[in-house]
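Report on the following structure.
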Amino acid sequence: MGIWDSGRQPTPWQRAFVIASTLFVAALASPVVGQETQPPVLEAGTLPDSLKVDGILDEAAWMTAPTADAFAQTDPAEGEAPSRRTTVRVLAGTHAIAIGIVCDDPNLSEIVSFSVRRDAPLNNEDHVRVVFGPFLDGRSGYLFAVNPSGARYDALINPDASENADWDGIWEAATKRTLTGWVAEIRIPTQTLAFKRGLHQWQFNVQRRIQRLLETDRWAFPARQYLVTQTSRAGLLTGLPVFSQGLGLSVRPAMTAGGGVPAPSARLEGDAQPSLDVTQRVGTNVLASLTVNTDFAETEVDTRRTNLTRFPLFFPEKRTFFLEGANTFAFGLGLEQDIIPFFSRRIGLINGVEVPIIAGGKINGQIGDTNIGGLVIGTNHTSGVVSQASRMGVARVKQNIWNESWVGAMATVGDSLGRSGSAMGGVDFTYSTSRFRGNKNLRVGTWGLLTARNDLHGDRSAAGLTVSYPNDKWEGLLEYKRIGSNFDPSLGFVPRPDVQLINIEVNNHTRIARGPFQQLTHEFQPFIATDLSGRWESYRIFMAPLNWRFRSGDRVEFNVNPSGERLVAPFTVADATIPPGSYQWRQYRLELSTAQKRRLYNQFTWWFGGYYGGKLDQTIWTGAWNPTALFTVEFTGERDMGRLPTGDFTTTLVGNRLRINLSPDLSISSYVQYDTDSKSVGTNSRLRWTFRPVADLFIVYNHNIRSILDRWQLDSNQFLVKVQYALRY
């Protein structure tokens, strides 16, 4: 039975796809307003060696530097003058770049600034964002952000303008509150950045958020449909000198010591291990890295989740060595979590158990218009987990073409389990423009992959096509993926092979000039999965007839979701087994959230309705309390109650995190989790002290207890101390 059989009454998902396709074409044909404008320009002043980063712009160099203050709103009144003035100055020297930003705001008591810790998400607080595009290619860059309390956030900018927030660069920032607002002063060593040699101008942009007004002001291209991270829509920073990175060599030795009880009834074990990370700049825009006896003691534990599907859950990478330069290995457009050709958690982790990394090397960067990336890792054997050592590698090359597009290839070799003949190769092409029909974003991408391993036969390929129209008022998406029955990349993540996936999204965002509502969002997103012969396996029609944000920042959303699953084998959820058969049901969601500008933020979500021939009620409560800048309490809870013909089940998941934010360089966090599936409580407590910009101290304590025969018993614990220091030459 094919996907579009004739002679039958159209099913709900068939009707949904026809409607969504019609809306998608209508969105592409929506009227175009505006025309091409020239990017604004800011000239950098000269950075003196004596500059002190203290949040006080009193040096003579700041007084004489050119100023940029022609900001405009992106929200809530696109294109209009900001309600508060923002001025920006930049100083550049041989070894560093400094940015000074003055944010006028006479209502000091109403400034929203809770976070102090490093890498805090600042989206829901007052803050400024600074973007650099040092390759002048419109596809890459760096993002630095600071809030009035001095919290620092940094990220790499991916080719699709998304942020890799897990990158940590070495830089300084200080803020100062004044009688008329607040000031941010930032200094970034050129050794922290990769850039194209010989350029005397970079792409540059600055954006300010005034949270209580839900206002966003931007210097260059302040149109809602453009992200500040789109370096193709940035201004220009000119007058840059010839930068020096010295030898470009960084040597970071580290020592980790500690011990604990690894399992119930086990003896106390202790150990001390040195590790070494070395990086070398090859020119100004390629970075080579070496890691020896790699240690990940400071890595946060995974957040526990409840799985109500028949497919494995995705958990993101959190280890620093793999996160640095991760955007280099991004492949294809629109793959998301359906296919990840290179998933670094396949290296050094097997079924959640850590496997020692003996050594590894990595290279990534840009040579002309060509982006390159390579990684080679050797892992050791681990008793009871993997019986032999393994060597694995990945290579990526991507050629920039035209103004914003690229074509590339990727290959991987090796297998963490030691299976022989493991390899994968693929090519991808993405056409990207921010000038479609004048001033709209459009991306069209296609890709193909092929795997090999001695135990794999038959259809080992995967391919896809994506058309994306990511704009402000109208968003459109059309995706198709075909994954072969034996497509199983040893270093990749593929939760669902032997399938065709089709997804269409049409979303509308309408802003209201007056009244209690600021934005009305309506979403229509049908999805279907079929087997390779076209017979349906899953479908879901996500509809949001109501997703409205109030002018206060509060939000209410209601969804209707017709869904279906055709099971050829049973699967188990909690204590209930669902037998094979065809199931169709309808789910609903009600979600209420308060404005995150408040010290106490809450979001309540209630899913209710059908589920595999029965009923499912899922309640989720998340929130955060910021009583002072010193303390933050984050909480989440989930309870799932299923009533099925084959049995009932109830699962509970609770997580709470306490953060003590002593300063941007000294923070303590403790994360406690409990779930009824494992019947265990886990605590991960971590102190991080950046006592110098190049040096860190971590103190970590993990404690796990489990309910066995209605008695709480020790499952495991671990206490670790790690010190690392980077020597830069």
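The values are calculated or read from the model by the stated rules, or taken from the named source; none is laboratory data. Computed from a prediction, not measured in an experiment: that's the story for all the values here. Ideal geometry is used to build each Cβ from the backbone, glycine not excepted, and the neighbour counts take in all protein chains shown.
For this structure, a couple of remarks:
- Filter pass, ALA145 being out of contact with any Gly (no Cβ under 9 Å at 6 or more places or on another chain), crowded, with 23+ Cβ neighbours inside 10 Å, under 15 Å from ARG218 (Cβ atoms) and not acidic (Asp, Glu): yes
- Condition met for GLY448 (modelled with pLDDT of 95 or more, at positive phi and not aromatic (Phe, Trp, Tyr)): no
- Selection count, region 318-332, where residues are more than 20 Å from ILE170 (Cβ to Cβ) and either β-branched (Val, Ile, Thr) or in contact with a Leu (Cβ under 9 Å, 6 or more places away or on another chain) (or both): 3
- Counting the residues of region 320-342 that are surrounded by fewer than 20 Cβ atoms within 10 Å (Cβ to Cβ) and farther than 22 Å from VAL444 by Cβ gives 3.
- Test: residue in region 150-157 that is touching a Gly at 6+ places or on another chain (Cβ under 7 Å), crowded, with 21+ Cβ neighbours inside 10 Å, β-branched (Val, Ile, Thr) and touching a residue at least 12 places away in the same chain (Cβ under 8 Å): yes
- Residue within region 637-652 that is among the acidic types (Asp, Glu), buried (at least 16 other Cβ atoms within 10 Å of the Cβ) and over 26 Å from the mean Cα position of the chain (by Cα) present: yes
- Scan of region 618-643 for residues that are in contact (Cβ under 8 Å) with a residue 40 or more places away in the chain, closer than 20 Å to LEU666 by Cα and polar (S, T, N, Q), ordered by number: ASN626, THR632
- Matching residues in region 535-560 - criterion: being more than 30 Å from PRO76 (Cβ to Cβ) and buried (at least 18 other Cβ atoms within 10 Å of the Cβ): TRP536, GLU537, SER538, TYR539, ARG540, ILE541
- Considering region 57-76, the residues that are over 13 Å from ILE101 (Cβ atoms) and touching a residue at least 24 places away in the same chain (Cβ under 8 Å) include one that is farthest from the chain's Cα centre (by Cα), namely ALA61.
- Number of the exception - ARG692 against (1) under 30 Å from LYS176 (Cβ atoms); (2) in contact with a Leu (Cβ under 6 Å, 6 or more places away or on another chain): (2)
- The set of residues in region 102-116 being under 15 Å from ALA174 (Cα atoms) and surrounded by fewer than 23 Cβ atoms within 10 Å (Cβ to Cβ) consists of VAL102, SER113.
- Selected residue [under 29 Å from THR279 (Cα atoms) and among the hydroxyl-bearing types (Ser, Thr, Tyr)] from THR216, THR180, THR190: THR190
- For region 681-701, the criterion of being of a type outside the set (Phe, Trp, Tyr), part of a strand (DSSP E or B), farther than 30 Å from ARG252 by Cα and in contact (Cβ under 8 Å) with a residue 24 or more places away in the chain is met by at least one residue.
- The number of residues in region 346-362 that are surrounded by fewer than 20 Cβ atoms within 10 Å (Cβ to Cβ) and either in contact with a helix residue (DSSP H, G or I) (Cβ under 6 Å, 6 or more places away or on another chain) or farther than 22 Å from PRO274 by Cβ (or both) comes to 4.
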